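A short reminder: the numbers here are calculations on the coordinates, not readings from a lab. On a predicted model such as this, the values are computed, not experimentally measured, just so you know. Quick reminder, even Gly has a Cβ in these numbers, built from the backbone with ideal geometry, and neighbours come from all protein chains shown.
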């Protein structure tokens, strides 16, 4: 790809995008925006962008493609702040983990501007946050969901090309379907990890930290993510997450009953079903990757 890309927000996602474009697409001009002076200085020191601005409207001037890389509730706000800088033909996308709310609010923020909005979500990340956690390979091998299925094909294609350029496979689907799926594959695991960490911290406290083995560390790693970020994700995908939590509650009740009633045969069967479900879900992802298919429908 070529031209100018504006990256609004230089945390983990935006910083990694700038680094990936620098490594994989050296012909692209990058204009970045960061609120904090220290972040702007660090971005300039690391050569992440050709120019770094405090004002979103300045950052998007001359950019054919803008990527908003801020927490989900701030995406429409940043789009509104940038609207004066968009030129004819500009395309705007985002990296938010929820899509239906973001899409509706951002389209409202950009109404009356020449910019076209196409929602997207690269399914990549880390429990670490901030520019210091950014890395050039964050998106390599990840799936990027493009949800702007009602946008002009040319605008959608530019967003898809961006994510392919940094190493993603592209999947297209409507925003509401994305949110229902991510509620179970991303948002529910985070809340479950948080619940596990809270429950594990109760009870007899002597030497507990010494006895936190790999199982605890693996199962609770994502609970180390930023609470503010996850509060916003839940707030913008509440209904789908509640459905997923209801199913988690049902699974926990079944396990609790088997343990309480001494139904070891029932417990073993549930654990086997859980193992098989995990293997099946992960195998589906592996098979899709091997097939190389990138297009998706409703």
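Highest mobility in the GNM of the chain, judged by mean-square fluctuation with C-alpha springs under 10 Å and restricted to 26, 174, 122, is found for 26. Distance between the modelled labels on residue 154 and residue 273, one decimal in nanometres: 5.3 nm (7 Å Cα→Cβ projection).
Distance between the 7 Å Cα→Cβ label points at residue 217 and residue 165: 3.8 nm. Extending 7 Å from Cα along the Cβ direction at residue 1 and again at residue 29 yields two label points whose distance is 1.6 nm.
Each listed q (0.08, 0.10, 0.13 Å⁻¹) maps to a log10 I(q)/I(0) for the chain, found by the Debye formula over equal Cα scatterers with no solvent: -0.39, -0.60, -0.94. Result for the chain in a Gaussian network model with C-alpha springs under 10 Å: among 135, 23, 169, the largest mean-square fluctuation is at 23. Between the Cα long axis of helix 37-46 and the first principal axis of the chain there is an angle of about 80°, rounded to the nearest 10. Over the stretch 73-162, the hull volume per residue, using the convex hull of the C-alpha atoms, is 114 Å³. Between residue 200 and residue 77, the FRET efficiency from the beta-carbon distance, with R0 = 25 Å, is close to 0.10.
Starting from the Cα gyration tensor of the stretch 4-173, take the square roots of the eigenvalues, sort them a ≥ b ≥ c, and report rounded, prolate or oblate (rounded when a/c is under 1.5, otherwise prolate if a/b is larger than b/c, else oblate). It is rounded, given that a/c, with a ≥ b ≥ c, falls under 1.5. Sorting 38-48, 179-189 by average packing, meaning the other beta carbons within 10 Å per residue, from highest down gives 179-189, 38-48. Once the Cα atoms are used to define both axes, helix 188-200 deviates from the longest principal axis of the chain by about 50 degrees. When peptides 13-19, 196-202, 68-74 are sorted by average Cβ neighbour count within 10 Å, with the highest value leading, the order is 13-19, 68-74, 196-202. Can you tell me the FRET efficiency between residue 84 and residue 46 if r is taken as the Cβ-Cβ distance and R0 is 22 Å, rounded to the nearest 0.05? Given R0 = 22 Å and the Cβ-Cβ separation, E is 0.15. Round to the nearest 10 and give me the degree value, 0 to 90, for the angle of helix 100-110's Cα axis relative to the longest principal axis of the chain. With both axes taken from Cα atoms, the answer is about 20 degrees.
Legend: calculated FRET efficiency, residue 58 to residue 256, from the Cβ-Cβ distance at R0 = 51 Å, rounded to 0.05, equals 0.35. Its Cα gyration tensor gives the stretch 177-290 an equivalent ellipsoid. The semi-axes, each the square root of 5 times an eigenvalue, are 24, 22, 16 Å from largest down. For residue 37 and residue 243, the difference between the fully extended length at 0.36 nm per residue and the C-alpha to C-alpha distance is 70.0 nm. Suppose we look only past 20 Å in the calculated P(r) of the stretch 92-237. What percent of the Cα-Cα pairs does that tail hold? Considering the stretch 92-237, 56 percent of its Cα-Cα pairs are separated by more than 20 Å. With both residues required to sit in the chain, DSSP beta bridges show an antiparallel share near 10%. Each helix, a run of at least 4 DSSP H residues, gives -39500 (n - 2.57); summed and divided by the residues of the chain, these come to -15500 deg cm²/dmol at 222 nm.
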